[in-house]
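In what follows, a single structure is set out as structure tokens and then discussed.
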Amino acid sequence: MKRFITIPIIFIIAMSFIIHPGQTQAQQIKWKGQSCFPLNNPLGKLTIALWKEYVEKMSGGKLMIELHDAGTIVPPTKIYDAVKDGLLDFGLNTPAWQKGKYPAGDLFYTLPGGVLEFNDLIIWMYAGGGKELAQEMYKEEVVVFPLGLTPPEEVWSKKPVKTLADIKGMKIRAAGLSMELWEKLGASVVLLAAGEVIPALQRGVIDGAEFLEASADYTLGLHEVCKYRFGPPVHMSNNIFQLMIKTKSWKDLPADLKGIVESAAMAATFDGYTKWWIQTIEFDKKIRDYGVVTTKLSLKDQEKTRELTMQILDEKSKKDPYFAKVWKSQREFIQKYKPYYDLTKFD
């Protein structure tokens, strides 16, 4: 009798091994999300697409990412709303699009006038309280991590700009905190989408534009309509974007996958940045070979833009308490950071 009882027990145990792969499949988590930038462009390819690749590899397929191209589910500027409202599990976002609700969003990039440059930004963001302040800004609405970093920008114009005086009277395509800086320098600012920049330059609606770095600027065709460009990027140097996650989707993740999501965002940010720089170098040479005249503002003019930026930051701090809190964090970080940094850098 005992012999006949053990046979079904052995059969059940054997069957448990057979159906185990199905159980693993059932435990697989799938997230649906969208990029705010085209996936065939470095803005999407070297940011959110790299993050997807890292997450799926690092998790061994336990977390699968359904990534949609910009605009396929919601308009790029509505990523924040779609994630907050639960339509998407995640999205690539730029905080500039929430500046109406969160003015401090403009502080999570490098700042005009070289006040907060690349090295400063990265250390402050990852180890100086920056990413925690970004999360605090959004409260429980969404979960955010830095994701995606661009090489430094340049400024294009249809006339030579050798000094700040040359900027007076110009009409410049710009966005973010730089809008106030250009206005203080005597220029007028025009807000334009990427696809409108070249036609506006051709028709004389604008005299100059800041867009992105050399590869994006060349691809857009700025070298064909502007004979001049100048640096350093007094309007803002580098962009850093956000991985935005639905709060419930984040809370439902096991601890190991949470670690992978965050680590993959950091890995994709720096991997993408280095790859992007290689493209920037190549396209900068193409721009120079095309004959675009490149100039650089004097140290005195650079310092003037820094002074004006400090005025802007103080003015905006008086209008918004959270802007003041983030700027205070950045200012105190810079004060602690600069003495050693200045000692170790070459002039």
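Relative to the dominant Cα principal axis of the chain, helix 299-319 is inclined by about 60°. Looking at the range 28-140, send over the antiparallel percent of its DSSP beta bridges, to the nearest 5. About 0 percent, rounded to the nearest 5. Here the spin labels are modelled as points 7 Å beyond Cα on the Cα-Cβ line, and at LYS227 and LYS328 they lie 5.1 nm apart.
Near LEU147, the amide H atoms lying under 5 Å from its own belong to PHE241, GLN242, LEU243; only residues 5 or more places off or on other chains count, and H is placed 1.01 Å from N. Listed values for the range 96-109 are Karplus-derived 3J(HN,Hα) couplings in whole Hz (6.51 cos²θ - 1.76 cosθ + 1.60, θ = phi - 60°), namely 4, 6, 10, 5, x, 8, 10, x, 5, x, 5, 8, 9, 10, and x replaces Gly and Pro.
Take the Cα of THR295, step 7 Å toward its Cβ, do the same at GLU282, and the gap between the two points is 3.1 nm. For the pair ASP69 and SER188, the difference between a 0.36 nm per residue extended length and the Cα-Cα distance amounts to 39.5 nm. Applied to the range 158-173, the Karplus parametrisation 6.51 cos²θ - 1.76 cosθ + 1.60 on θ = phi - 60° returns per-residue 3J(HN,Hα) values of 8, 10, x, 10, 9, 9, 4, 4, 5, 7, 4, x, 6, 10, 10, 6 Hz, with x for Gly and Pro. Residues whose amide H lies under 5 Å from that of ASN238, counting only those 5 or more places away or on a different chain, are THR110; hydrogens are built 1.01 Å from N in the peptide plane. If you take all other residues with their beta carbon under 15 Å from the beta carbon of LYS30, and give Lys and Arg +1 and Asp and Glu -1, the sum is +1. Estimated from helical segments only, the mean residue ellipticity of the chain at 222 nm is -16500 deg cm²/dmol, where each DSSP H run of four or more residues counts as -39500 (n - 2.57). For the chain, the longest principal axis of the C-alpha atoms and the axis of helix 194-203 are separated by about 20°.
Computed from Cα positions, the angle between helix 48-58 and the longest principal axis of the chain comes to roughly 30 degrees.
Here the chain is described by how far its Cα atoms reach on the three principal axes: 102, 42, 40 Å, from widest to narrowest. Model label points for GLU132 and LYS251, set 7 angstrom from Cα along the Cα-to-Cβ axis, are 2.2 nm apart. Applying 1/(1 + (r/R0)^6) with r as the Cβ-Cβ distance of THR163 and LYS345 and R0 = 35 angstrom yields a FRET efficiency of 0.85.
For the options LEU147, LEU181, LEU192, a Gaussian network treatment of the chain with springs between C-alpha atoms closer than 10 Å singles out LEU192 as fluctuating the most.
Each reported figure results from applying straightforward, stated rules to the coordinates on display, with no laboratory input. Remember, it's a predicted structure, so these values are computed and weren't measured experimentally. Virtual Cβ from ideal backbone geometry, glycine too; neighbours counted across all protein chains shown.
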